[in-house]
Structures are given as C-alpha cells and as structure tokens.
Amino acid sequence: QVQLVESGGGLVQPGGSLRLSCAASGRIFRIYDMGWYRQAPGKQRELVASITSGGYTNYLGSVKGRFTISRDSALNMVYLQMNSLKPEDTAVYYCNAYPDRGIPWGQGTQVTVSS
C-alpha cells in the first residue's frame with residue numbers, strides 16, 4: 001500500500017531549527033524523485049525542496065541556504081533539515097513524489113515559527 005508518513009514538526013522560535021522526517025513506502029521511494037511541500041493557511045501548496053534518486057537537490061528560493069533535503073535509500077526515508085527558521089516558514093509540511101504523481105498525501109506535520 002502506498003503510504004507517506006511525515007513527522008518532526010513543532011513550535012520553534014525564529015532562528016531555530018527543526019528536522020522533518022518522511023517514511024515512504026518502498027515502491028514510491030524506489031521509483032520517484034521526492035519532494036517536500038508546504039501549505040500555509042489560505043495559500044496553495046508549494047514545493048519547498050526536491051531530491052532525485054541520484055541525490056541532486058533543488059530548493060525554493062526563499063529557503064535556499066537554510067533548508068537541506070536528503071534521503072536514506074536503505075530506510076526509505078526523506079529528511080528536511082530546516083535552520084534559521086522564519087515566521088513565514090509556518091505551514092503544514094508534506095512529502096510526496098516530485099513532480100506530483102497523484103499519490104495520496106499523508107497527514108503532514110505542522111511547523112509553527114513564532115516567538
């Protein structure tokens with residue numbers, strides 16, 4: 001069964017760090033490039049970072065230099081290390097294939113950046 005489970009979100013002060021984790025079923029992980037997406041209240045979901053099976057990464061301009069995406073093929077895991085967090089990073093974060101392949105979305109993990 002196709003499954004994506006995100007974790008690691010929370011409340012953090014501006015300038016703080018969080019590490020998000022995504023457990024993906026093997027079929028997704030082996031076949032597709034992966035991405036981290038986010039959706040803030042009242043806004044459309046946007047791609048934050050992506051990583052190919054070969055480890056090539058790409059980032060949304062506003063997070064470049066602050067966020068790092070990585071993947072562990074042995075564990076079928078995708079990670080997003082987020083440093084120097086800003087209030088505008090507040091959103092629900094999701095992982096999924098990149099580009100969107102119509103795979104059902106997980107529940108996401110809430111990231112709130114606030115003092």
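Just one of the numbered conditions (1) modelled with pLDDT of 95 or more; (2) under 15 Å from the mean Cα position of the chain (by Cα) is not true of E88; which one?
Of (1) modelled with pLDDT of 95 or more; (2) under 15 Å from the mean Cα position of the chain (by Cα), only one is false for E88: (2).
Does Y79 qualify as being touching a residue at least 24 places away in the same chain (Cβ under 8 Å), open to solvent by less than 20 Å² (accessible area, probe 1.4 Å), of a type in the set (S, T, Y) and out of contact with any helix residue (DSSP H, G or I) (no Cβ under 9 Å at 6 or more places or on another chain)?
No.
Tally up the residues in the stretch 68-88 that are closer than 14 Å to M34 by Cβ and hydrophobic (A, V, I, L, M, F, W, C), please.
5
How many residues, within the stretch 65-85, are basic (K, R) and more than 12 Å from the chain's Cα centre (by Cα)?
1
Only one of V48, V63, V12 is among the β-branched types (V, I, T), in contact with a Gly (Cβ under 8 Å, 6 or more places away or on another chain) and crowded, with 16+ Cβ neighbours inside 10 Å. Can you tell me which?
The unique qualifying residue is V48.
What are the pairs, 6+ residues apart or on separate chains, where a residue within the stretch 51-72 that is within 19 Å of E6 (Cα to Cα) has its Cβ under 6 Å from a residue that is open to solvent by 40 Å² or more (accessible area, probe 1.4 Å) and modelled with pLDDT of 95 or more?
I51/T57; T68/Q81; I69/T57
Pull up the stretch 94-115, narrow it to residues that are within 14 Å of the chain's Cα centre (by Cα) and among the aliphatic types (A, V, I, L, M), then point me to the one that is farthest from Q39 (Cα to Cα).
Only one residue tops the list, namely A97.
Taking S115 as the residue in question, decide whether it is open to solvent by 30 Å² or more (accessible area, probe 1.4 Å), without any contact (Cβ under 8 Å) to a residue 40 or more places away in the chain and part of a loop (DSSP other than H, G, I, E, B).
no
The values are calculated or read from the model by the stated rules, or taken from the named source; none is laboratory data. Please read all numbers here as calculations on a predicted model, not as lab measurements. Note that each Cβ is placed from the backbone with ideal geometry, even for glycine, and that neighbours are counted across all protein chains shown. Each accessible area value is taken on the protein alone, full model and side chains, heavy atoms only, with ligands, DNA and RNA left out. Shrake-Rupley method; radii C 1.70, N 1.55, O 1.52, S 1.80 Å.
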